[in-house]
1. Listed here are the pairs Lys348/Lys558; Lys353/Lys558; Lys214/Lys244; which of them are more than 31 Å apart at the Cα?
2. Pop the C-beta distance of Arg675 and Leu121 into the FRET formula with R0 = 51 Å and round what comes out to the nearest 0.05.
3. Using only alpha carbons, build the gyration tensor for region 280-337 and give me the equivalent ellipsoid semi-axes, biggest first, whole Å.
4. If you stretched the chain out fully between Arg514 and Glu468, how much longer would it get, using 0.36 nm times the residue separation minus the C-alpha to C-alpha distance?
5. Of all the accessible heavy-atom surface of region 265-423, with the other protein chains kept in place and a 1.4 Å probe, what percent is carbon and sulfur?
6. Counting only heavy atoms of protein chains, what accessible area per residue, in Å², does region 25-104 have with a probe of 1.4 Å?
7. Find the eigenvalues of the gyration tensor of the Cα atoms of region 338-451, then list the square roots of 5 times those eigenvalues as equivalent ellipsoid semi-axes, largest first, in whole angstrom.
8. Given the Cα-Cα distance of Asp303 and Val49 and 0.36 nm per residue of separation, how much length would full extension add, in nm?
Amino acid sequence: MNEQNTGSPVFHKTAHDLGWNAIQRALAERCAGERARARAEALLPQMEVDEARETIAQVQEARRLREAGSPLPLGEMDELEPALARLDKDGALDGETLLRVALTVANIDRLRRFARNQQELAPRLAAIAADIEDLAHVHEPISHAFDEAGELRDSASADLGRLRRRVRGLHDDITARMKRMLDDPRIEKHLSDRFYTQREERYVLPVRAGSSDKVEGIVLGSSASGQTLFIEPRSIVTLGNQLKMAHMEVAREVLRILAELSGYVADDVEPIRAALEAATRLDLVEARARLADGLDASAPVVDDGDRVQLRAMRHPLMVLAGADVVPSDLLLRRGTVLVISGPNAGGKTVALKTLGLCALMVRAGLHLPVAPGSRLPIYDRVLTDVGDEQSIEKNLSTFTAHMENVIGFLRAATARSLVLLDEIATGTDPGEGEVLAQAILEGFAERGCQVVVTTHYERLKALASVDERFENGSVGFDLAALQPTYRLHLGLPGSSCALDIARRVGLPAVQAERAQVLMGGAESDMAQLLTDLAGQRAELERMQAQARHAEQTASQAKLALDRERRALRERAEREVETLHREAMVELKSARADIARARDALKRRGAERRLVRAADRTVDVAAAAMREHAPAPKADSAESQLLEGEPLELDAIEVGQTVVVSSLASLAEVTAIDRRGRGRVTVQAGPLRTTVSVGDLRRVSGKAARRARRLGASVDATSGGAGAGTGTGASTSTGALPVKSPDITLDARGMRVDEALRAADKFVDQALLAGRDVLYVVHGYGSGALRAALRSHLASSSAVRNLRGGEANEGGDGVTVVWLS
């Protein structure tokens, strides 16, 4: 911890007293990669103010992504340094290691694309991911070279398939001959059993030892008893030699391929190292976010001064253990000694440890189990004396061990230190103990330290009335239930309630009354006053809890009603979208019917006006469907596009990119009718249409960028509107059109909900333009996006068939879609 060496015995004692290793383990369990886990397990609270603030802000961004349903996509990430170090020495990697490298790099590449697309919501995380280069040229060739079982595909090289076929052919030839020999009566009678096997990778027959000269061949072994010899028949020796050489050729080709694939990694060792480091940082940020969610934590304000204000603080380890933790508030000023008193097992030590753990957690960039608005400074030292320090080996009593700790703290503490003392100066004469405790605490106060101490000493409780550097706090006790309330209260000392508890559990009245007399009048009155205050406070807390429960019940009822209304609205929207898509399918069918009718009319010599009239009828229907298409959602890319300003006819030029309101899409202006009714022809992806100038809006840069990412733009794979000339005409069994931008949707890097909306939009546009075949590019990744898109498209009435791409179409990273 900077000035307090995190490797020092003092820090190890603090970490042990507060349970810091449990925080390290909890963080490590939430990491995805080996590197991040190792760092989490060794995490030390040593950040200074700026680094702590930046890390806490990064965690806040990661939590926002999680709340939005799009957490950082952290797939499996292995520790690749041993493999990279081997490549540094010009070594090659085996197949298993190459696959681990490819999987890790592919997951990092997916993380890079995701973070880039979340620039607006998570700029700090996007800045970290900016250190990750595009490494698709590294992992894709490796992934394509191996099959699902982790074996090199025959297609991994031009020669490997041929060599393996040669091996299989020789193997089939040899086994066929061996089977014929088993059926040959001249050989069968000399066999000890009716089978063939292999010895030293050569095919052999089990021949009785006494018949070894009856079966010509090479003896390659014998049974344990010596009664059977394993002989390779002479007739297959040459074939066996050829098979052996063929296997060697395959092995050499495999090694060559592995060396070639290793070269892809070796060429980018340093970019891979940088990507691993950035991914590890993001992994740790996401782990912190997951831990914060598990703690129901909030981002603390890292205070420039020494002010502590923890609202509704809870002990983090108790929360993680699933305990029902009672929250408490804690306020501590510079140079203040907070004296916490109250009954045993009432939560005094828990409050002490909670503050200490929060002080360590903030220096590790962690969110705290406190309410929003809580504040905490960065301490140079957190000094703790908690628990029994008795040591038989060192011949130290509990009191002596505690004194050694406290004396060391007096020497080391500064005005920026936090000192936590549990039951100070106990284990000796109470009279001497409380005056010694007062002197020690005054010494810490003179140094400007912030101190929290637990005690039963009445002398310490009284200090707040005569010394402004001291403040009282107490934990309550419910005498009726004989249970502590565990809540910390500031401003008043607490009673130990020893006599009252003794009465409740059955102390005879004679002894109870005698004890009351021995306490003395003033002391007895003070104890009774503190007990009465505790009772009144408990009653007030019960009333407050009832009021909060009533408020929460009303709030939950309102939320349930809101959810029901939202579900009804969304169901209605889905039904409208379904009907609209079905209408699109019917429109496409009408266009196809008209095309066939046009051909028939032409063959019969019919007038062109009849054909044009039919075309106009369908165009009117298409325009009506566009006009009545489902309205875009308020937070969608389409709604952002519609925020642009309306355009005047004079401000429009051919080639300009505009927003077509009725399509909620970007389009390129291809023609303008300035003399007529102000009609403008536009190209929106596969759709060319004519609209009125009132249907056009200006495009803002922000809306256009987001629209392209969501697939609402003219072209999801290139910068030009309406690029490409593919018609998309094909059948599910015939030849496919060339994959061109106007029939291709690139969904890589999108969230699942974004990709589904983009696919729906693209299908609608294709239906309007009469397309038959579409390509959807989703990449490999974890397979979640691919599965979601295929399931969604398969359920669409507009989709007749779909399948994964062939090798020349992009493999399983592409889905080919045939429209109805």
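The values are calculated or read from the model by the stated rules, or taken from the named source; none is laboratory data. Just so you know, these numbers come straight off a predicted model, no measurement behind them. Cβ: placed from backbone, ideal geometry, glycine included. Neighbour counts: every protein chain shown. These area figures cover heavy atoms from the full protein model, side chains too; ligands, DNA and RNA do not enter into them. Shrake-Rupley method; radii C 1.70, N 1.55, O 1.52, S 1.80 Å.
1. Checking Cα-Cα distances, Lys348/Lys558; Lys353/Lys558 exceed 31 Å.
2. Efficiency for this residue pair is about 0.60.
3. Equivalent ellipsoid of region 280-337: 25, 18, 8 Å, largest first.
4. Numbers: separation 46, 0.36 × 46 = 16.56 nm, distance 3.68 nm.
The Arg514-Glu468 span can extend by a further 12.9 nm.
5. Carbon-and-sulfur percentage of accessible area, whole number: 49.
6. I get 48 Å² per residue for this part.
7. Semi-axes from the Cα gyration tensor: 26, 16, 15 Å.
8. My answer for the length gained is 90.6 nm.
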